[in-house]
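Inspection log for the structure reproduced underneath, given as structure tokens.
Just so you know, all these numbers are worked out from the coordinates, no wet-lab data involved. Nothing here was measured: the structure is a model prediction, and the numbers come from that model. Backbone-built Cβ (ideal geometry, glycine too); neighbour counts: all protein chains shown.
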Amino acid sequence: MPELPEVETLKRGLEKEAVGRKILSVEIVNQKVLKGQSEVEFRDRAVGKCIVGADRRGKYLFLPLAVNCLSSPSFTLCLHLNMRGCLRLVTEEAPLEKYGVLRLVLEEGKALHFEDMWGWGECRVAVTGESLPKLGEEPLEPDWDRGEFARLLSTRRVAIKTVLLDQKIVAGVGNIYADEALFRAQLAPTRVAATLTVSERERLAESIWQTLTEAVAQGGTRGDYVDLYGQAGRYLPQVYDREGAACPRCTAPLKKIKLGGRGTTFCPVCQN
Ligand SMILES: [Zn+2]
């Protein structure tokens, strides 16, 4: 958490609330979030700049910054929430929460708070055009090359679940939606990716697309995750984190195993 649907929900919130506003000041409580960037450099690049857009790539959020709202961006604010990060829109007067690591005060009495319980998140300002992390294709973009996705699967001799978590294969899928997409495709997470038939690979691509599309429409998964306004998502996982519950398809008890160090829940009867 948060994965593609949750980050996409945040992006849409930022488009509405932050784009077109200037960053008036910055408060950095935990430097760890800057991932090596100096506080001085962060401030120099961010303060006084206007947020001119909001983009998402995989689980990353990018906010292009320009000297004024009509100029082209010279810097990009890069955000990654990692495991427990959270971004909230509050009023300027609101104090930073217990796990608050960074705060951006915006025009018109608004502020963006970055909270991070585990301190693994990232927030830094890069020069626009600077090389960003290498990520695979976006599964919700109309030009997602499913044939290339299938080809990549056929070259991997590891468990299919592990392949889905690799951000270079498909960007934005994490533990929740990997379990959910495999359930939808009726594929066991332990299957070696290279052994999937052509039709199984096609079914998996379609399941990833359907699962993510549904989750985006519902503002992400219900749980610890909240959107920019503190609202929880409405997507209810069918198998993820539901060990022992009845399979929604065949009623057999769902099983949880460890796969590549990640908890993985699936139906041992109807996922093959
Ligand atoms: Zn089942």
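Could you work out the relative contact order of segment 72-181? I mean the mean sequence separation of Cα pairs under 8 Å and 6+ apart, divided by the number of residues, in percent. Provide the component values of the computation, followed by the final result.
On the way: 148 pairs, mean separation 26.9, N = 110.
Taking the mean separation of contacting Cα pairs over the length of segment 72-181, I get 24 percent.
Lys and Arg at +1, Asp and Glu at -1: add these up for the other residues within a Cβ distance under 11 Å of residue 256 and post the number.
Numbers: positive: 242, 255, 258, 262; negative: 179, 241, 243.
Charge balance in the 11 Å sphere: +1.
With the Cα gyration tensor of the chain giving a ≥ b ≥ c as the square roots of its eigenvalues, does the rule (a/c under 1.5 for rounded; else a/b larger than b/c for prolate; else oblate) give rounded, prolate or oblate? Walk me through the numbers before you get to the answer.
Working: a/c = 2.35, a/b = 1.84, b/c = 1.28.
Because a/c hits 1.5 or more and a/b exceeds b/c, the chain counts as prolate.
Over the chain, what is the relative contact order in whole percent, taking alpha-carbon pairs under 8 Å and six or more residues apart? Could the numbers behind the result be given before it?
Details: 594 pairs, mean separation 49.5, N = 272.
Once normalised by length, the contact order is 18 percent.
Considering only C-alpha atoms, what is the centroid distance from segment 167-213 to segment 66-94, in Å?
Cα centres, segment 167-213 to segment 66-94: 32 Å.
Give me the distance between the Cα centres of segment 134-148 and segment 12-37, rounded to whole Å.
So the separation of the two Cα centres works out to 28 Å.
If I take the Cα coordinates of segment 146-266 and project them onto the principal axes, what are the three extents in Å, biggest first?
Projected onto its principal axes, the Cα set of segment 146-266 covers 42, 31, 25 Å.
For the chain, modelled as a Gaussian network with Cα springs under 10 Å, which listed residue fluctuates most, 260, 20, 119?
260
Would you work out which of 218, 246, 236 lies farthest towards the positive end of the dipole of segment 146-266, given +1 charges on the beta-carbon of Lys and Arg and -1 on that of Asp and Glu, about the Cα centre?
The residue sitting farthest along the positive end of the dipole is 246.
What does the net charge come to around residue 198 if you take all other residues with beta carbon closer than 12 Å to its beta carbon, with K and R at +1 and D and E at -1? Can you show the working numbers first?
Numbers: positive: 146, 151, 201, 203; negative: 200, 202.
After counting each charged neighbour, the total is +2.
When the dipole is taken about the Cα centre of the chain, and only Lys, Arg (+1) and Asp, Glu (-1) are charged at their Cβ, what size is it in debye, to the nearest 20? Write out the running numbers ahead of the final one.
On the way: 38 positive and 36 negative charges, 175 e Å.
With Lys and Arg at +1 and Asp and Glu at -1, about 840 debye.
Report the charge-dipole magnitude of segment 146-266 in Debye, nearest 20, computed about the Cα centre from +1 at each Lys and Arg Cβ and -1 at each Asp and Glu Cβ.
Numbers: 18 positive and 12 negative charges, 90 e Å.
Dipole of segment 146-266, to the nearest 20 debye: 440 debye.
Using Cα pairs closer than 8 Å and at least 6 residues apart in sequence, work out the relative contact order for segment 115-253, in percent.
Details: 163 pairs, mean separation 27.1, N = 139.
So the answer I get is 20 percent.
Summing +1 for each Lys or Arg and -1 for each Asp or Glu, what net charge is found among the other residues whose Cβ lies under 15 Å from the Cβ of residue 145?
-3
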